[in-house]
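*Asks:* Here it is: the structure, laid out below.
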Amino acid sequence: MRYNPASKKAEEFINNEEILSTIEYAKANKDNKELISSLINKAKDCKGLTHREAAVLLECEIEEENEKMFALAKEIKQKLYGNRIVMFAPLYLSNYCVNGCVYCPYHHQNKHISRKKLTQDEIAREVRALQDMGHKRLALETGEDPINNPIDYVLESINTIYSIHHKNGAIRRVNVNIAATTVENYRKLKEVGIGTYILFQETYHKENYEMLHPTGPKHDYAYHTEAMDRAMEAGIDDVGIGVLFGLNLYRYDFIGLLMHAEHLEAAFGVGPHTISVPRIRPADDIDPDNFTNAINDDIFAKIVAVLRIAVPYTGMIISTRETEETRRRVLDLGISQISGGSCTSVGGYAEKEAEEDNSAQFELNDTRTLDQIVNWLLAMDYIPSFCTACYREGRTGDRFMTLVKAGQIANCCLPNALMTLKEYLEDYASEDTKLKGEALISKEINNITNEKVRSIAKEYLGELHNGKRDFRF
Ligand code: SF4
Ligand code: SF4
């Protein structure tokens, strides 16, 4: 197999030989101060790095250069994303699954997990509960099961979610994380108005991938790896990629992730909208000791920092799998979206989970409520943002990337963050969160550089206080 980033064949754009030789190259250059320093300088103009260049930075063992790298990641984060953090919540529809993924409790051989699939009424209840928390953006999750969770069920569920308007609530963007499927099904998802299509590769290492997915349709490495190509062919232009760190050697998957991003850029002219960085977590019927490739917090922080440098315009997502402390550490290194107040069981938002309920996909490390997380972010001077404007304004795919690369999106992000935070404060926040949030808005409104936008934003903030909702730039 020959390495070709523009090829539509999985084993050509995620090429094993190229990854192995990149690992060797990075190891051989781990003390090459001159090269490392030149790569850090090159990355300063926010044009990103290749997978080979990024691999060298990840491998670097020179303390001083590593510090420069972390500083640059923070600088890029601040320049492109400011102190805004976009909030979302996962919504689990069904944990029926025909696959045999060895790291996930939903695998079909697991007989002691409760299987649940939400009805449309139950989905409406979950959505009302999520709206009552203040969420506007969801990531929809479901196992793969053509009988229990066919595409029509997913489509109907998305329509239900968008149709619920409880009090001042609304879900304005539904991102979808479902199994790899056909172009035709991706087209249906596009038509029903999804935001980002998210699919994690889990690992890019083919042999390990096949061992970790011994049964079910997910066993097919090429079909899974080429899923984003089919999604883009169907017109979905915001896609989110990710690996489950801890399943394979992290160097291999880190390089695979960047090669995947390069492939989408080469084949479709637009890279991934987001990259997620989950790490493996304990769960029912899963022994984490089996996963000896688990990565520690220091390596995890470095992965986040180097990704921020290598793909500056791709949003980065971290979930409640991580502890408060880890989340704090990686926020300023490059994370732009976090989940909050999450529940990873089916139907868990509306009903406090019964003791014996074991339908969760994995254990959470951050169990704080959304209000507590918003409060925590505000106390660190971050702006929690509930913005969903781009997708609703048709700013997706290459249109979005052009605006981002021209530095123009910041004119929208800051006022939108402040206005959606204001909505949250008016409708859902505790007293203390409200005080902190109002103080932050008063301070941050002056940082909107465009005078006209600033004055309109002030006017909208007043109208939000008077009960109007849903303004956006
Ligand atoms: Fe099913 Fe996804 Fe779990 Fe695999 S990871 S068993 S596909 S729910
Ligand atoms: Fe995201 Fe667009 Fe909102 Fe900025 S304006 S936070 S890029 S949706």
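*Asks:* Please arrange H213, H219, H273 by how many other C-beta atoms lie within 10 Å of their C-beta, fewest to most.
*Replies:* The fewest-first ordering by Cβ neighbours comes to H219, H213, H273.
*Asks:* Would you mind checking the pairs K79/K167; K116/K136; K68/K452; K8/K188; K44/K302 and listing those with alpha carbons more than 26 angstrom apart?
*Replies:* Check vs 26 Å cut-off fails for K79/K167; K68/K452.
*Asks:* For region 294-387, state what percent of all Cα-Cα pairs lands in each successive 5 Å bin, counting from 0 Å until the bin that includes the largest distance.
*Replies:* For region 294-387, the pair-distance distribution reads 3, 12, 21, 21, 18, 14, 8, 3, 1.
*Asks:* Continuing with the same structure: For n ≥ 4 DSSP H runs only, could you compute -39500 (n - 2.57) per run for the chain, divide by its residues and tell me the 222 nm figure to the nearest 500?
*Replies:* -14000 deg cm²/dmol
*Asks:* Now for a separate question. Every cysteine in the chain with no other Cys Cβ under 4.7 Å from its Cβ, please list them in numeric order.
*Replies:* That list is C46, C60, C97, C343, C387, C390, C412, C413.
*Asks:* What is the diffusion coefficient of region 13-78 in µm²/s, taking the Kirkwood radius over Cα pairs and the Stokes-Einstein relation at 37 °C with a viscosity of 0.692 mPa s?
*Replies:* Stokes-Einstein gives a translational diffusion coefficient of 268 µm²/s.
*Asks:* A follow-up question, please. Give the aspartates and glutamates reachable from K47 as a straight Cα distance under 16 Å; neighbours fewer than 8 places away on the same chain don't count.
*Replies:* E75, E262, E265, D398
*Asks:* Then there is this: In bins 5 Å wide, starting from 0, what share of all Cα pairs of region 1-131 does each bin hold, as a percent?
*Replies:* Here the calculated profile for region 1-131 is 2, 8, 11, 10, 9, 11, 12, 12, 12, 9, 4, 1, 0.
*Asks:* If you take the Cα atoms of region 363-473, find Rg, then find the Kirkwood Rh from the mean of 1/r over all pairs, what is Rg/Rh?
*Replies:* 0.99
*Asks:* Continuing with this model, one more query. Would you kindly give the portion of the calculated P(r) for region 82-367 that falls above 29 Å, as a percent of all Cα pairs?
*Replies:* Numbers: 11518 of 40755 pairs.
Across region 82-367, Cα pairs with separations above 29 Å total 28 percent.
*Asks:* Translational diffusion coefficient, Stokes-Einstein: compute it for region 406-465 using the Kirkwood radius over C-alpha pairs as Rh, at 20 °C and 1.002 mPa s, and state it as an integer in µm² s⁻¹.
*Replies:* In µm²/s, the coefficient is 182.
*Asks:* At K190 and N446, where each label point lies 7 Å from the Cα along Cα→Cβ, what is the point-to-point distance in nanometres?
*Replies:* My value for the distance between the label points is 4.7 nm.
Here, each number is a calculation from the coordinates, and none is a lab measurement. Only a predicted model underlies this, so the values are computations on that prediction, with no experimental measurement involved. Neighbour counts are summed over all protein chains in view; Cβ atoms, including those assigned to glycine, are modelled from backbone coordinates with ideal geometry.
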